[in-house]
Structures are given as C-alpha cells and as structure tokens.
Amino acid sequence: MLLEQSMHFDFANLLNLVSTVTLIGALIFTGMQVRAANRARREQAAVTVIQTAALSPNSARILELLGQIPEGASATEIDDLDAEAKRQLLEFGLRLEVIGYMVSHRMVDLQIVNDLGGGAILGFWSRAKSWSEQRRKRTGQGEFLEWCEWLATQIGRDRAAREYVPAYLRFRRNSAEDD
C-alpha cells in the first residue's frame, strides 16, 4: 500500500511538473510571438514613413523649394511665395505631421526617421517655423504643424546630444576600420 501511495504521489508530482513546464513554454512562446509582431509593426511603420515622406510625389520639388528659401525665413517671406509653392510647403508639413505623430506614439523609432530624413525635417522647420507660428496666432489654431515642430525638436535634441554622422561617412568609416 505504501508503494502504491508513493507511486501515486510521484505520478501527481510528475503531472504538476509537466503542467508547469508546459505553462512556462507557452508563456515564452507567447512572448516571442508578441516581440515578433511588435518588430513587424515597427518595420511596417518604417515603410509607411518612407512612403509618406521620401517617396511622396512632391518630395523632390519640396527639397528644391527649400533650397530657395533662407533658413530662419520670416512668415512674410513664405507668404510672398506663389500659391503653388505655399501649397507644396503645407503638404510637406502635413506629411511630417503624420510622421511626428507616429514617432511620438512609438509607432516608428526616432532614430529611423532621423537617419532617413532628419536633415530635410530640420531644414523644413527652420524655414517654416515663423510662418507656422504666425498662422497659429492668426487663426487661433495652436495645433497647426504641432507634430512637425515636435519632431524637429526631438531630432534637434538628438543631434545636439550626440554627433550625427551622415550615412555615407558612417559607412566609409566602418569600411576603413575593417581594412
């Protein structure tokens, strides 16, 4: 009878152990699945950022236009542009709004956006800042290009905290170190 009780006890312990190991395995598997899903979501968001900003129909035109507007441009300098140029600036700013919102909600990593378009974003904001601020005051819409401003501020802080090295130099350095 004692042997029978001992075997019953060992079998119960074995079932508990198997149950515990199975539960731990399921938790680990679930964690790995969640991590993979989050990575896939971030990658998809990065693709969306590229499509939104870099591959937009007016990206080349806006970069050319930004080259014609001085940094720190006054609101009047932007207001004096023709209607098409102002429309292009507004459209690009709205694209940056979406990207800023996505970064602020951690849908896209700031570093990815900084690497892909930080210079263009800082360049845009340095030219559109006064115009945007004046428009906010004039219309009473404080949210006009708010995420664009937030994004430019974050990129500026990031670049002030650590030296930003353009990709062509970064990879040139890395390949020189490998030689």
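The values are calculated or read from the model by the stated rules, or taken from the named source; none is laboratory data. Note that the coordinates shown come from a computational prediction; the quantities given were computed from them, not determined experimentally. All Cβ positions, even for glycine, are placed from backbone atoms using ideal geometry, and neighbour counts span all protein chains on display. Just the protein is used for accessible areas: all its heavy atoms, side chains included, with ligands, DNA and RNA removed. Shrake-Rupley method; radii C 1.70, N 1.55, O 1.52, S 1.80 Å.
Summary table below
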| item | result |
| --- | --- |
| Where E143 falls short, out of the listed (1) in a loop (DSSP other than H, G, I, E, B); (2) within 20 Å of E64 (Cα to Cα) | (2) |
| Verdict on V108 being touching a residue at least 40 places away in the same chain (Cβ under 8 Å), touching a Ser or Thr at 6+ places or on another chain (Cβ under 8 Å), in a loop (DSSP other than H, G, I, E, B) and of a type in the set (V, I, T) | yes |
| Residue list for segment 66-97, filter: more than 11 Å from A128 (Cβ to Cβ), more than 24 Å from the chain's Cα centre (by Cα) and in a helix (DSSP H, G or I) | G67, Q68, T76, D79, A83, E84, A85, R87 |
| Selection from segment 126-138 of residues that are under 14 Å from I69 (Cα atoms) and open to solvent by less than 20 Å² (accessible area, probe 1.4 Å) | A128, W131 |
| Residue count, segment 98-113 (criterion: over 8 Å from the mean Cα position of the chain (by Cα) and either of a type outside the set (A, V, I, L, M, F, W, C) or open to solvent by less than 50 Å² (accessible area, probe 1.4 Å) (or both)) | 2 |
| Among the residues listed as Q51, Q44, the single one being without any contact (Cβ under 8 Å) to a residue 60 or more places away in the chain, more than 30 Å from R136 (Cα to Cα) and open to solvent by 100 Å² or more (accessible area, probe 1.4 Å) | Q44 |
